[in-house]
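Here the structure is laid out as structure tokens; the discussion comes afterwards.
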Amino acid sequence: MMNKLSVNHLLGIKYLTKADINLIFETADHFKEVINRPIKKVPSLRDITIANLFFENSTRTKLSFEIAEKRLSADILNFSSSSSSVTKGETLIDTVNNILSMKVDMVVMRHPNPGAADFLSKHVDAKIINAGDGAHEHPTQALLDSFSIREKYDDLKGKNVVIVGDIIHSRVALSNIFCLKKLGANVRVCGPLTLIPKHIASLGVEVMTNLKDALNWCDVAMMLRIQLERQNMKFFPSLREYSMQYGLDKQLLDSLDKEITVMHPGPINRGVEITSDVADSKQSIILEQVQNGVAIRMAVLYLLAGKIE
Amino acid sequence: MKHNDRIILDSTQFDLTIKRLAHQLIENHNDFSNTIIIGLQPRGTYLADRIKAELKLIDKTYDIPLGTLDVTFYRDDYRRQNNPLVPSKTEMEFDIEDKNVILVDDVLFTGRTIRSGLDAMLAFGRPKMVELLVLINRRYERHLPIQADYIGKNIHTIVSERAKVSWSATDGEDKVILYTPDDE
């Protein structure tokens, strides 16, 4: 079995091979067992220091990375841009190099600009993990989503997955499309055409505009949040209209031909993209996704740390 | 097998050794009511399986809980090897709090795997007592102050030699071979 990643940084799913993804999954299987032990901590990264640089708000991802790092015994530096010198005009490279001169080995970064992680990896001497860069990629989210589907269905090959909602602003959607396709799943997107990127067909993804048809086609539905913070113009008339057309409620879920699995990357806007009774139903694996996120991030950190000279 | 490789235990001796180890355990553990066996992954688990089966053959009431423990994440040579080690499965379906633990591995060499195993084991509780059982003890090559309580066979080797334990379950035959390095 291959036991090394082909990449030195995790910048996006598009740079990973299928073997890389499977190696991350197999490693995450072991970490999932570790985090369910009475003592949930292993000493693997005790000589590694990791900086978490969040230039954009995050709750789940930041906490998930932080707990993954702690479970691996790494030392952690936390940084968020709202309380930093970035507001005084410091450039990204200067900020990061200042942090690295404190002997940091790995950087987990979330940034509003697409390509920020890639840029950083070319200019600083540390392993970079992209925790979301603008509307570009969010690789660990896609890995944990596919890992959760694999857990439920064993294999993703031939599974039908529909991603519903705000595709155009979603790094989760793009990373998921890359990841699902690499693992052999069939992917479609569904939403109002204003929220679907123009050239999405070039990724081998079909577009559907009727939610019920899309749900009847799929095994798994990933419901995305409407990212109002990234929308500086009107993409649809009102949230109420959106949720009537593209929101998933229990009545719709129960009217389908088969029992599908419902996923959501969080944070949920209850009552907009899905209703509370769907989010909390037995078909939803939203909380499994969160637990798997820790195991996946431990696997990524562990495997990349293995590449530090 | 090359001409300078030698068999340390053939299948008859191997079988006798397993029987002797099982009887030694009975002497020290009486009815095994508070005992747990843990096989270290990957190759200690075969020996642990055999010891458990042998004990059950001797007395049907000896049904000792058996766990397998992977030590990969506890090793001290992570990032010091070119090829990172691939972890194996850990299956510990029980708590080891206040138990007598018999830690099992096939070959005791530098002692580093056992050191990692002791650390890994503590994630499952604080045992009352831990003993170490190995099939092959390579003397004089220890890096750490670790000794086994039950030993199948002591051998004297040089560092470059390699002791390989084969199991009938996976390799077709029970035997132990000492591989010696090529002359050239």
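The values are calculated or read from the model by the stated rules, or taken from the named source; none is laboratory data. This structure is a prediction, so every number in the text was calculated from the model and none was measured. Because the Cβ atoms are built from the backbone with ideal geometry, glycine has one as well, and the counts that use them run over all protein chains shown. Areas reflect the complete protein model, heavy atoms only, side chains present, ligands, DNA and RNA absent. Shrake-Rupley method; radii C 1.70, N 1.55, O 1.52, S 1.80 Å.
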| query | Can you give the net charge of the other residues whose Cβ lies under 11 Å from the Cβ of B:ASP174, counting K and R as +1 and D and E as -1? | reply | -2
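Taking the Cα centre of the protein assembly as shown as origin and charging only Cβ (+1 Lys, Arg; -1 Asp, Glu), how large is the dipole, in debye to the nearest 20?
On the way: 62 positive and 65 negative charges, 168 e Å.
So the dipole magnitude of the protein assembly as shown works out to roughly 800 debye.
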| field | Selection from A:ALA221, A:LEU156, A:LEU183 lying farthest towards where the dipole of region A:139-286 points positive, charges on Cβ | value | A:LEU183
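Chain A: longest stretch without exposed trypsin sites (Lys or Arg not before Pro) (DSSP loop, at most 13 other Cβ within 10 Å), sites themselves excluded?
Counting only loop sites that pass the neighbour cut-off, the longest clear stretch is A:47-102.
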| query | What percentage of the solvent-accessible surface of region B:115-159, computed with a 1.4 Å probe over protein heavy atoms, is contributed by carbon and sulfur atoms? | reply | 54 percent
| Dipole magnitude of region A:37-168 about its Cα centre, charges +1 at Lys/Arg Cβ and -1 at Asp/Glu Cβ only, in debye to the nearest 20? | 560 debye
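B:THR157: net charge of surrounding residues, Cβ under 14 Å, Lys/Arg +1, Asp/Glu -1, itself excluded?
Working: positive: B:ARG6, B:ARG138, B:ARG139, B:ARG142, B:LYS153, B:ARG162, B:LYS164; negative: B:ASP5, B:GLU141, B:GLU161.
Summing Lys and Arg as +1 and Asp and Glu as -1 gives +4.
Step through the table entries A:LYS14/B:LYS89; A:LYS4/B:LYS89; A:LYS70/A:LYS157; A:LYS127/A:LYS157; A:LYS198/A:LYS258, compare each Cα-Cα distance with 25 Å, and write down the pairs that go over it. Kindly include the intermediate steps, with their values, before the conclusion.
On the way: A:LYS14/B:LYS89 30 Å; A:LYS4/B:LYS89 18 Å; A:LYS70/A:LYS157 34 Å; A:LYS127/A:LYS157 31 Å; A:LYS198/A:LYS258 31 Å.
The pairs that break the limit, which is 25 Å between Cα atoms, are A:LYS14/B:LYS89; A:LYS70/A:LYS157; A:LYS127/A:LYS157; A:LYS198/A:LYS258.
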| task | For n ≥ 4 DSSP H runs only, could you compute -39500 (n - 2.57) per run for chain A, divide by its residues and tell me the 222 nm figure to the nearest 500? | result | -11500 deg cm²/dmol
| request: Using Cα centres only, tell me the gap between region A:118-147 and region B:64-113 in whole Å. | output: 33 Å
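Quick one: accessible area per residue over the protein assembly as shown, 1.4 Å probe, rounded to a whole number of Å²?
Working: 22190 Å² over 493 residues.
Counting only protein heavy atoms, the per-residue value for the protein assembly as shown is 45 Å².
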| field | Euclidean distance of C-alpha centroids, region A:25-83 and region A:148-170, integer Å | value | 25 Å
| Highest-MSF residue in chain A out of A:SER243, A:SER202, A:SER58 [GNM, Cα springs under 10 Å] | A:SER202
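If A:GLU309, B:GLU27, A:GLU66, B:GLU91 are ordered by their accessible area, calculated over protein heavy atoms with a 1.4 Å probe, which sequence runs from highest to lowest? Before the final figure, lay out the partial values.
On the way: A:GLU309 205, B:GLU27 145, A:GLU66 35, B:GLU91 85 Å².
Of A:GLU309, B:GLU27, A:GLU66, B:GLU91, the descending order of accessible area is A:GLU309, B:GLU27, B:GLU91, A:GLU66.
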| What do the square roots of 5 times the Cα gyration tensor eigenvalues come to for region A:139-286, in whole Å, largest first, as semi-axes of the equivalent ellipsoid? | 21, 18, 14
| task | Calculate the spin-label point distance for A:MET102 paired with B:LEU144, positioning each point 7 Å from the Cα along the beta-carbon direction, and give it in nanometres. | result | 3.3 nm
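Using DSSP, restrict attention to beta bridges with both residues in chain A and report what percent are antiparallel, rounded to the nearest 5. Write down the numbers at each step before the final one.
On the way: 1 of 36 bridges.
Bridges in chain A are about 5 percent antiparallel.
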| task | Give the distance, in whole Å, between the Cα centre of region B:126-153 and the Cα centre of region A:228-282. | result | 59 Å
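Placing unit charges on C-beta atoms (Lys and Arg positive, Asp and Glu negative, everything else neutral), compute the dipole magnitude of region A:139-286 about its Cα centre in debye, rounded to 20.
Working: 18 positive and 17 negative charges, 90 e Å.
For region A:139-286, the charge dipole is close to 440 debye.
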| task | Quick one: work out Rg over Rh on the C-alpha atoms of chain B, Rh as Kirkwood radius. | result | 0.96
| query | Just the accessible area for A:LEU92, please: 1.4 Å probe, Å², rounded to the nearest 10? | reply | 30 Å²
| task | For B:ASP31 paired with A:LYS212, estimate the spin-label separation in nm (one decimal), with each label point 7 Å from Cα along the Cα-to-Cβ line. | result | 6.8 nm
| Using a basic spin-label model with each label point 7 Å from the Cα along Cα→Cβ, how many nm lie between A:GLU90 and B:GLU97? | 4.7 nm
| In chain A, with Lys and Arg counted as +1 and Asp and Glu as -1 at Cβ, which of these residues, A:LEU303, A:HIS136, A:SER243, has the Cα nearest the positive end of the dipole, that is, farthest along it? | A:LEU303
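Rounded to two decimals, what ratio of Rg to Rh does the protein assembly as shown give with C-alpha atoms and a Kirkwood Rh?
Values: Rg = 27.0 Å, Rh = 25.5 Å.
Looking at the protein assembly as shown, the ratio lands at 1.06.
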| task | On each of the three principal axes of the Cα atoms of region A:99-167, give max minus min coordinate, whole Å, ordered largest first. | result | 46, 26, 15
| note | Mean per-residue count of partner chain Cβ within 10 Å for A:42-49 equals 4
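How much length would be gained if the chain were fully extended between A:SER6 and A:SER202, taking 0.36 nm per residue of separation minus their Cα-Cα distance, in nm to one decimal? Walk me through the numbers before you get to the answer.
Numbers: separation 196, 0.36 × 196 = 70.56 nm, distance 2.53 nm.
Fully extending the segment from A:SER6 to A:SER202 adds 68.0 nm.
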